[in-house]
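The values are calculated or read from the model by the stated rules, or taken from the named source; none is laboratory data. What you see is a predicted model, and the numbers here were worked out from it, not measured in a lab. So basically every Cβ, Gly included, is an ideal-geometry build from the backbone, and we count neighbours across all protein chains shown. Note: accessible area is taken over every heavy atom of the protein model, side chains too, but ligands, DNA and RNA are not part of it. Shrake-Rupley method; radii C 1.70, N 1.55, O 1.52, S 1.80 Å.
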Amino acid sequence: MPASQYDEFAENYHWLYSDYVLSGKRYVQEHDDVLKHAGPMARILDCSCGIGTLPIALAKLGYEVCGSDGSPGMIEQAEIAASSANVDVPLKCCNWEDLPAHFISSFDLVFCLGNSIGHVRSGEEMLRSLQGMRTVLRKGGKLVIQSLNWEQLRKERTRFTHFAWRMRSGQRCLPIYIWNFPDKFEDAHTIEVLLIFDSDGKISTRSYPIVHYPFHIEDLMERLRTAGFTDIQNEYDESRVGYRVIAS
């Protein structure tokens, strides 16, 4: 997984999200069902933790939670955020297939959110990644994956996605996604993240190209089965731009 593309972006990654999302409350609500099923004593890993939003929110709720990410820059920002929140969240920088080497004890619940799985560059790399996630799950534990619906995105071919202006520390920022769709589904897709800053009327921009590798929902399901998952719940809807898969 080419995690280095996030290292430079990490310091400004928070501009993509509202304060409400950065609080982690939205993620907790979205996954309330699996959290309740796991129970209040669950041991949880967010293996695409980014700047630490979800694991910090879960730690505040009393869960025993760890985080990992392939980007050193993201882990650095997550460490800063965890320290500021005064919570203990062990964090590791590693790829998914290397998770078993970094986490000895098993987890009741593993999250892989934010379309992170779309960064694996091939079916073989996805399979190895899923096997790594399965290895750190206890028997009966659950893996929760979120992904973009690439078929729907390519059908719509929206060129620009813009968000609301964010205001923090006297600075405003407008995040924009610029989508690039190659002719072939299987080719790498680049989303250019453009941040427009307004500091007292002085405009500046920063741009971060993020590469994704599309896959079909059928491919994900098959690789989950091959990786050893059996009970797989698929929430895919062809009309929606994203979906969730829960596998035991």
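So here's what we get for this one:
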quantity: Extension gain (nm, one decimal) between residue 241 and residue 87, 0.36 nm per residue minus Cα-Cα; calculated: 52.1 nm
quantity: Accessible area (Å², 1.4 Å probe, nearest 10) - residue 205; calculated: 90
quantity: Probe 1.4 Å, protein heavy atoms only - accessible area per residue of the stretch 100-232 in square angstrom; calculated: 50
quantity: Exposed trypsin sites (Lys or Arg not before Pro) absent - longest run of the chain, DSSP non-H/G/I/E/B, at most 16 other C-beta within 10 Å; calculated: 1-120
quantity: Residue-level accessible surface for residue 210, protein heavy atoms, 1.4 Å, Å²; calculated: 10
quantity: In Hz, Karplus ³J(HN,Hα) per residue of the stretch 83-95 (6.51, -1.76, 1.60; θ = phi - 60°; x = Gly, Pro); calculated: 5, 5, 7, 6, 10, 9, 10, x, 10, 10, 9, 6, 7
quantity: Separation in nanometres of the label points that stand 7 Å from Cα toward Cβ, at residue 205 and residue 165; calculated: 1.8
quantity: Charged-residue dipole, Cβ positions (Lys, Arg, Asp, Glu), the chain about Cα centre, Debye nearest 20; calculated: 380
quantity: Accessible-area value, residue 216, 1.4 Å probe, nucleic acids and ligands omitted, Å²; calculated: 70
quantity: Sulfur and carbon atoms: percent of accessible area, the chain [1.4 Å]; calculated: 48
